[in-house]
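This report refers to the structure that appears directly beneath it.
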Amino acid sequence: MEKVTNDTIKHVAKLAKLEFSDEELTKFTPQMGKILEMAEELQAVNTDGVEETVQVVDRDTVFRDDVPENWQTRDEMMKNVPDKSNGFVKVPVIIDKDDDQ
């Protein structure tokens, strides 16, 4: 396994659009190393013949009918919108495209 460094954490943070202080990097770097070591240990366990577990609690999922509710008009809803433009809800950009895309 490749050693986790501050540069590794900075790179992953940049991909996730996160920013960490130097103090946080000092704290997170060894933690991430330990997490990856644990993941490697788990991958080494022989699970041949072990049935997949999808829920550890012994109970059934309770479903209800999916019934739409028209609880207010569009105008009433738009009164609660903090930022709007031309009758639409305005939200911040969360995905920036690179120049080459």
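Data overview
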| quantity | calculated |
| --- | --- |
| Filter on Lys10/Lys84; Lys10/Lys90; Lys27/Lys97; Lys3/Lys27; Lys17/Lys90 - keep pairs with C-alpha separation over 23 Å | Lys10/Lys84; Lys10/Lys90; Lys27/Lys97 |
| Compactness index (Cα Rg / 2.2 N^0.38 Å), the chain | 1.84 |
| Simple label model, 7 Å out from Cα along Cβ direction - His11 to Asp96, nm | 2.0 nm |
| Exposed GluC sites (Glu not before Pro) absent: longest stretch of the chain, with sites in DSSP loops and at most 13 other Cβ within 10 Å deemed exposed | 70-101 |
| Acute angle (nearest 10 degrees) that the helix 22-44 long axis makes with the longest principal axis of the chain, alpha-carbon atoms | 70 degrees |
| Length-normalised contact order of the chain in % [C-alpha pairs under 8 Å, at least 6 apart] | 15 percent |
| Chymotrypsin sites (Phe, Trp or Tyr not before Pro) restricted to segment 35-97 and DSSP loop, no more than 11 other C-beta within 10 Å | Phe63, Trp71 |
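Each reported figure results from applying straightforward, stated rules to the coordinates on display, with no laboratory input. These numbers come from a predicted model, not from an experiment. Every residue, glycine as well, gets a Cβ built from its backbone with ideal geometry; the counts of neighbours run over all protein chains shown.
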